[in-house]
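Data first, discussion second: the structure below is written as structure tokens.
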Amino acid sequence: MHTRPEKDFRVTSLAWEIDIEKRHAEAGFDPIPHDVIVRRYFQFINFLQTHGMTSRIVCSKIEEINENSEWRNSDLTNDGFYFTKQFHGQWLNRSRKDKGEAKETAFLEKWLVDFKTKKQAEPFAAAQPPAGSLNDPD
């Protein structure tokens, strides 16, 4: 398994996700409404927060999201980092298939079950950060 980077970095930002959508729309894909992009951005990070996969509250309500919103490696626990690494790309790829908040949460829940099952099969995969890393308790 890929080792978690020790240095902090931006995982994603609303501006990046808006830019990705803009590029797809310019290429001829059906546009995704801005409110859906914002909701999905919040929905993913809020899911991580709700399931204890962040080291801090990045945002507590969707109204806090703005063009400067971002979350970083240091905002995630190890489980949050590995869950994001495994599923965030799939989440972004589902944007054009969005079926509303409840149905999209069901995908996150399914992915969480898959993640936990894999983690149990590989108990050390996401167990400890590298020594001296951002999440090292010392």
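Bear in mind these aren't lab numbers, they're just calculated from the coordinates by the rules spelled out. What you see is a predicted model, and the numbers here were worked out from it, not measured in a lab. Neighbour counts are summed over all protein chains in view; Cβ atoms, including those assigned to glycine, are modelled from backbone coordinates with ideal geometry.
Within the stretch 25-43, take every residue that is farther than 17 Å from T105 by Cβ and in contact (Cβ under 8 Å) with a residue 24 or more places away in the chain and give me the one that is surrounded by the most Cβ atoms within 10 Å (Cβ to Cβ).
Initial filter on the stretch 25-43 (farther than 17 Å from T105 by Cβ): 25-34.
Filter again for in contact (Cβ under 8 Å) with a residue 24 or more places away in the chain, leaving 29-30, 32.
Details: F29: 12, D30: 7, I32: 19.
Out of the qualifying residues, it is I32.
Anything in the stretch 79-101 that is part of a helix (DSSP H, G or I), surrounded by fewer than 19 Cβ atoms within 10 Å (Cβ to Cβ) and in contact (Cβ under 8 Å) with a residue 60 or more places away in the chain? List them, or say none. Write out each step before concluding.
Filtering the stretch 79-101 down to residues part of a helix (DSSP H, G or I) leaves 79-93, 95-97, 101.
Next, only the ones that are surrounded by fewer than 19 Cβ atoms within 10 Å (Cβ to Cβ) stay: 85-86, 88-90, 92-93, 95-97, 101.
Passing the criteria: K85, H88, L92, S95, R96, E101.
Filter the stretch 36-54 down to the residues that are of a type in the set (A, V, I, L, M) and assigned to a loop (DSSP other than H, G, I, E, B) and list them by number. Working first, answer last.
If we filter the stretch 36-54 for residues that are of a type in the set (A, V, I, L, M), which is where we start, we get 36-38, 45, 48, 53.
Once the filter is applied, which keeps residues that are of a type in the set (A, V, I, L, M) and assigned to a loop (DSSP other than H, G, I, E, B), the stretch 36-54 yields only M53.
Looking at the stretch 55-77, which of its residues are part of a helix (DSSP H, G or I) and either among the aromatic types (F, W, Y) or surrounded by fewer than 19 Cβ atoms within 10 Å (Cβ to Cβ) (or both)?
Within the stretch 55-77, I62, E63, E64, S74 meet the criteria.
Quickly run through the stretch 1-24 and pick out the residues that are outside any helix (DSSP H, G or I) and surrounded by 15 or more Cβ atoms within 10 Å (Cβ to Cβ).
Let us first name the residues in the stretch 1-24 that are outside any helix (DSSP H, G or I), namely 1-13.
Passing the criteria: R4, V11, T12, S13.
Just to be sure before I move on: is E70 among the charged types (D, E, K, R) and more than 13 Å from the chain's Cα centre (by Cα) in the structure I sent? Spell out how you get there, then give the answer.
Values: among the charged types (D, E, K, R): yes; more than 13 Å from the chain's Cα centre (by Cα): no.
The answer is no for E70.
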